[in-house]
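Everything below concerns the one structure shown next.
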Amino acid sequence: MTTLKNLLLAFTVMGASAAVQANDNFAGLTLGQTSDKVKKSHALNDNLNSPNADGVIGKDTTWGVRAGQQNSQGRYYATYDNVSGSHNGIKLRQENLLGSYDLFYPVGSDTKLFGGATAGLTKLTQESSGFSRDSNIGYALGGQVGVLQQVSKNTSVELGYRYLRSNASTEMVQRSGSKQGSLDLTSSAQTYLAANFAF
């Protein structure tokens, strides 16, 4: 909980410093696909016959919301997104709370390329049938690139790609009480579309 409070404080400070330079506030919605890399413990491989944990969240639909501030040079924003998937009897949910900064590179009057860095928290929850629900919060560090297209004075759309490294982990314990092993989220890759509305 202390880590979460510190992160929220960092977002607040970042937002306050951005307000000095920013011209526009904006909010947006994102929709995309996420694929995760998950490391399994030796015990989990032995007890569950080496399930394909990378396939649990593999190109699964991801939705998110974001809000921030921007000017002609770049933008600061916070994002919450959510994805879940299941495979081989394992069901996982991933939630991200992220703070990002992008720099813009204009390639036309209404088109910009962007690239930037992201840091925040990832919550990994194991929700498999027959197992006790378990969750853990870890860090998330990475970056994103994409193209931003202005479609009206206050509306833009973008196509982006984000890559994150994480250390969130979760345990698989049968409801009978027997621990079968653990899953460690190492990275996630997301391709997404976003609509942004300035105000």
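Each residue in the stretch 177-186 was checked for being surrounded by 18 or more Cβ atoms within 10 Å (Cβ to Cβ), within 24 Å of Trp63 (Cβ to Cβ) and hydroxyl-bearing (Ser, Thr, Tyr), and 0 pass.
Table: residues versus (1) crowded, with 20+ Cβ neighbours inside 10 Å; (2) on the phi < 0 side of the Ramachandran plot; (3) free of Cβ contacts under 8 Å to residues at least 40 places away in the same chain.
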{"position": "Thr122", "(1), (2), (3)": "yes, yes, no"}
{"position": "Thr125", "(1), (2), (3)": "no, yes, no"}
{"position": "Leu141", "(1), (2), (3)": "no, yes, yes"}
{"position": "Gln149", "(1), (2), (3)": "no, yes, yes"}
{"position": "Leu159", "(1), (2), (3)": "no, yes, yes"}
{"position": "Tyr163", "(1), (2), (3)": "no, yes, yes"}
{"position": "Thr170", "(1), (2), (3)": "yes, yes, no"}
{"position": "Arg175", "(1), (2), (3)": "no, yes, no"}
{"position": "Thr191", "(1), (2), (3)": "no, yes, no"}
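Residue count for the stretch 79-94, restricted to those that are over 25 Å from Val151 (Cβ atoms) and assigned to a strand (DSSP E or B): 11.
Scanning the stretch 96-105 for residues that are over 29 Å from Ile137 (Cα atoms) and either in contact (Cβ under 8 Å) with a residue 12 or more places away in the chain or aliphatic (A, V, I, L, M) (or both) yields one hit, Phe104.
Does Ser135 fit the bill of being closer than 20 Å to Thr62 by Cβ and in contact (Cβ under 8 Å) with a residue 24 or more places away in the chain?
Values: closer than 20 Å to Thr62 by Cβ: yes; in contact (Cβ under 8 Å) with a residue 24 or more places away in the chain: yes.
Criteria met by Ser135.
Between Leu103, Leu97, the distinction of being over 18 Å from the mean Cα position of the chain (by Cα), among the hydrophobic types (A, V, I, L, M, F, W, C) and either part of a strand (DSSP E or B) or under 17 Å from Val145 (Cα atoms) (or both) belongs to Leu103 only.
Candidates are the residues of the stretch 106-120 that are among the hydroxyl-bearing types (Ser, Thr, Tyr) and more than 16 Å from the chain's Cα centre (by Cα); the one that is surrounded by the fewest Cβ atoms within 10 Å (Cβ to Cβ) is Ser109.
Within the stretch 30-50, can one find any residue that is hydrophobic (A, V, I, L, M, F, W, C), at pLDDT 55 or above and farther than 22 Å from Ser182 by Cα? Steps first, answer last, please.
Here is the first cut: in the stretch 30-50, the residues hydrophobic (A, V, I, L, M, F, W, C) are 31, 38, 43-44, 48.
Narrowing further to those that are at pLDDT 55 or above: 31, 38, 43-44, 48.
Keeping just the survivors that are farther than 22 Å from Ser182 by Cα gives 31.
Scanning the stretch 30-50 turns up at least one residue that is hydrophobic (A, V, I, L, M, F, W, C), at pLDDT 55 or above and farther than 22 Å from Ser182 by Cα.
The values are calculated or read from the model by the stated rules, or taken from the named source; none is laboratory data. What you see is a predicted model, and the numbers here were worked out from it, not measured in a lab. Note that we place each Cβ from the backbone using ideal geometry, even for glycine, and neighbour counts take in every protein chain shown.
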